[in-house]
Each structure stands twice: as structure tokens, then as C-alpha cells.
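The values are calculated or read from the model by the stated rules, or taken from the named source; none is laboratory data. The shown structure was predicted, so the numbers you read here are calculated from the model rather than taken from an experiment. Positions of Cβ are backbone-derived with ideal geometry, glycine not excepted, and every protein chain shown enters the neighbour counts. Protein only, heavy atoms only, side chains kept; ligands, DNA and RNA dropped before computing areas. Shrake-Rupley method; radii C 1.70, N 1.55, O 1.52, S 1.80 Å.
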Amino acid sequence: MTDTVLFDYWRSSASYRVRIALNMLAIPYGSVSVDLLSGEHKQAEHLDRNPQGLVPALQIDGHMLTQSLAIVEYLAETRPGTALLPADPLGRQRVRALSYAIAMDIHPTCNLGVVFHVMQQANDPEAARSAWMRKFIGEGLQAFERLLDNPATGGFCHGNTPSMADLCLVPQIYNARRWNVDLTSCPRTVAIADRCAALPAFVAAHPDRAAPQ
Ligand SMILES: N[C@@H](CCC(=O)N[C@@H](CS)C(=O)NCC(=O)O)C(=O)O
């Protein structure tokens with residue numbers, strides 16, 4: 001195993017973002033699965049890595065890093081050579097705004113701990129979860145579609161190379177499909193996500209590839 005180790009969970013969107021970034025930057029890494037369903041992320045061993053009890057955590061350069069977007073920005077700063085963040089301040093602002101629209105506004109409402117709590121309050125937990133996912137992911141992606149209605153959008157969320165925003169989008173679309181969210185009003189968003197998903201760095205990061213064998 002290399003010195004770079006990603007502590008992740010195969011279906012975690014935040015981990016999926018970091019897997020894509022590591023692949024795009026061709027950084028070799030090993031993976032350690034932290035099983036969210038059995039609560040491994042709340043046990044002392046993982047809390048030592050990430051006191052928030054969340055995945056991912058990335059061991060790299062002798063440090064243990066948390067927060068997927070802060071990790072992606074660290075990788076972009078220390079391993080230049082990709083356009084994960086554009087060179088110009090306005091471009092960086094836009095890529096961060098698109099990224100945060102997903103990672104800070106959609107994703108937290110659909111996190112495991114939040115959704116389990118919603119299910120515990122409901123008479124029909126499965127139906128409540130489906131309705132919750134469809135509402136918050138659907139509304140969030142409709143807003144994202146409007147954000148993409150911008151001259152700076154190209155073949156990807158910002159211009160014609162994948163950026164941090166695309167790293168956030170692809171896992172979110174994976175989740176949307178998992179929960180049968182109606183994406184018919186988000187054609188541009190879906191087209192960009194599907195274009196990204198075909199690239200080798202994204203293919204290699206797919207949850208099906210990361211699932212424990
Ligand atoms: N803002 C954090 C979010 C991390 C996060 O919420 N991870 C999820 C998996 S995608 C998790 O560990 N959930 C466990 C839980 O909700 O109990 C990041 O981007 O790294």
C-alpha cells in the first residue's frame with residue numbers, strides 16, 4: 001500500500017469526489033473501507049482520523065485530511081497541472097459556487113444520519129425516505145440547472161475541462177438516479193454529468209468499483 005490512504009465508503013458521495021480527484025491527478029492510493037451501515041465511522045478508530053465521524057479522510061503527505069472539498073483544493077494546490085480550480089479569481093469563485101450548491105446545500109440534507117432521523121419520525125420510513133430524497137435532490141438539481149445557464153458553462157460545468165464542480169456533480173447524479181429523482185427538467189446537468197462519467201478518472205472512481213469485494 002502507498003503512503004496515501006483514502007478512508008472511504010463505496011456509496012459515499014464525498015468519498016467519490018476525492019476518488020475522482022486522486023485519479024485525475026494520477027496519485028496512487030490505497031483504500032480502507034469504513035462501513036457506514038455498521039457504524040464504523042462513529043467508532044474511536046475512525047474518530048481519531050476524523051472527529052466529525054464522517055468519511056472521507058485522506059492520509060497524504062504525512063497528514064490526515066478531512067472535508068472532501070478542502071481535500072480537493074489541497075490536492076489542486078500541491079499537485080498543479082489540472083484545471084480542478086481555474087486560474088482566474090472569477091472562475092474559481094464560480095467553480096466553488098457550483099461545488100457548494102451541491103456539497104453544502106443538497107448533500108447535507110440527504111446524509112445518512114439526517115435521513116435515518118427522518119425515517120425514525122415516519123409511519124412509513126421507506127416512503128418517507130424516498131419522498132425526502134426526491135424533494136431535496138430534485139429541487140437542488142433544478143437550481144443547479146439554472147446555475148449552468150451561464151456563458152461560462154461549456155462541455156463541463158465550467159468551460160471545457162472537468163473542474164471541482166464536476167467532481168461534485170457526478171456523485172450527486174449517481175445518488176439522484178439511485179433514488180429515482182425525476183431529472184427531465186435538468187437536461188444540461190445530466191448531459192455534463194454523463195460526459196464526465198465516461199472519462200477514465202471518473203469511471204475508476206465509480207461506487208461499483210469501490211464496493212468491498
Ligand atoms: N462535508 C463533508 C461531508 C462528509 C459526509 O457527510 N460524509 C458522509 C458520507 S457521503 C458520511 O460520512 N455520513 C455518515 C453519517 O451521516 O452518519 C465532506 O465533504 O467531506
(message) Out of MET119, MET104, I need the residue that is open to solvent by less than 70 Å² (accessible area, probe 1.4 Å), closer than 28 Å to ASN180 by Cα and not in a loop (DSSP other than H, G, I, E, B). Which one?
(response) MET119
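Filter the stretch 1-36 down to residues that are touching a residue at least 12 places away in the same chain (Cβ under 8 Å) and loosely packed, with under 13 Cβ neighbours inside 10 Å and give me whichever is nearest to the ligand (Cβ to nearest atom).
GLY30
Residues are listed down the side, and each one gets a yes or a no for (1) free of Cβ contacts under 8 Å to residues at least 12 places away in the same chain; (2) small (Gly, Ala, Ser); (3) open to solvent by less than 70 Å² (accessible area, probe 1.4 Å):
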site: MET133; (1), (2), (3): no, no, yes
site: ILE137; (1), (2), (3): no, no, yes
site: LEU147; (1), (2), (3): no, no, no
site: THR184; (1), (2), (3): yes, no, no
site: VAL190; (1), (2), (3): no, no, yes
site: ALA193; (1), (2), (3): no, yes, yes
site: ALA204; (1), (2), (3): no, yes, yes
site: ARG209; (1), (2), (3): yes, no, no
(request) Working only within the stretch 93-121, note down all residues that are more than 10 Å from the ligand (Cβ to nearest atom) and free of Cβ contacts under 8 Å to residues at least 12 places away in the same chain. (result) GLN93, MET119, GLN120, GLN121
(request) Determine whether the stretch 157-169 contains at least one residue that is touching a Gly at 6+ places or on another chain (Cβ under 9 Å) and either over 20 Å from SER99 (Cα atoms) or part of a helix (DSSP H, G or I) (or both). (result) no
(request) Check ARG79 against each of (1) touching a residue at least 60 places away in the same chain (Cβ under 8 Å); (2) away from the ligand (no atom under 15 Å from the Cβ); (3) under 22 Å from TYR29 (Cβ atoms) and name the one condition it does not meet. (result) (1)
